[in-house]
Amino acid sequence: MSQCATAELGRLGEDLAAMFLEGQGLVLLSRNWRCRDGELDIVATDGTRLVVCEVKTRSSDSHGSPPEAVTPAKQARIRRLTNLWLCEHKVGWCETRYDVISVRWPGHGPARLEHLRGAF
């Protein structure tokens, strides 16, 4: 798959994940929030809890399943980025949940979405 096609697949997966979360009653605060240290895919609220969601989209599991791509190093980076997001948005301490949404989209048939709440 070309780099352009991979980026498009990732964008479509993030769109699907955002619609799914809104359908679950979460309120989206940021999508693809970027700073010099990286990017957060989705930041939302679930009641009073902040939810930071990493979205991983794959057309196959040939390079591992989507959740396997969220390594301990990636988890630590997401936590650091969350602190930067909180500072930028002038949010004090809040309870935070880290989710992973796995989207498998083989190119034929519908996408399969799995929401791992409190994944790390």
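Condition test on Gly23, is it surrounded by fewer than 18 Cβ atoms within 10 Å (Cβ to Cβ), of a type outside the set (Asp, Glu) and in contact with a helix residue (DSSP H, G or I) (Cβ under 8 Å, 6 or more places away or on another chain)? Taking the combined requirement at face value, the residue does not satisfy it.
Whether a residue is over 11 Å from the mean Cα position of the chain (by Cα), within 20 Å of Ala5 (Cβ to Cβ) and not in a strand (DSSP E or B) was assessed, and Gly118 does not pass this test. Residues in the range 24-60 that are of a type in the set (Ser, Thr, Tyr) and modelled with pLDDT of 95 or more were compared, and the one that is nearest to His108 (Cα to Cα) is Ser30. The residues of the range 89-114 that are more than 12 Å from Ser59 (Cα to Cα), in contact with an Asp or Glu (Cβ under 8 Å, 6 or more places away or on another chain) and of a type in the set (Lys, Arg) amount to a single one, Arg97. Just so you know, in the range 32-91 the residues that are over 15 Å from the mean Cα position of the chain (by Cα), in a helix (DSSP H, G or I) and of a type in the set (A, V, I, L, M) include one that is surrounded by the fewest Cβ atoms within 10 Å (Cβ to Cβ), and it is Ala73. Residues of the range 98-115 that are assigned to a loop (DSSP other than H, G, I, E, B), at negative phi and either loosely packed, with under 12 Cβ neighbours inside 10 Å or at pLDDT 95 or above (or both): His108, Pro110.
Only residues that are polar (S, T, N, Q) and in a strand (DSSP E or B) were counted in the range 19-31, giving 1.
The values are calculated or read from the model by the stated rules, or taken from the named source; none is laboratory data. Keep in mind the model is a prediction, meaning the values are calculated, not measured. Note that each Cβ is placed from the backbone with ideal geometry, even for glycine, and that neighbours are counted across all protein chains shown.
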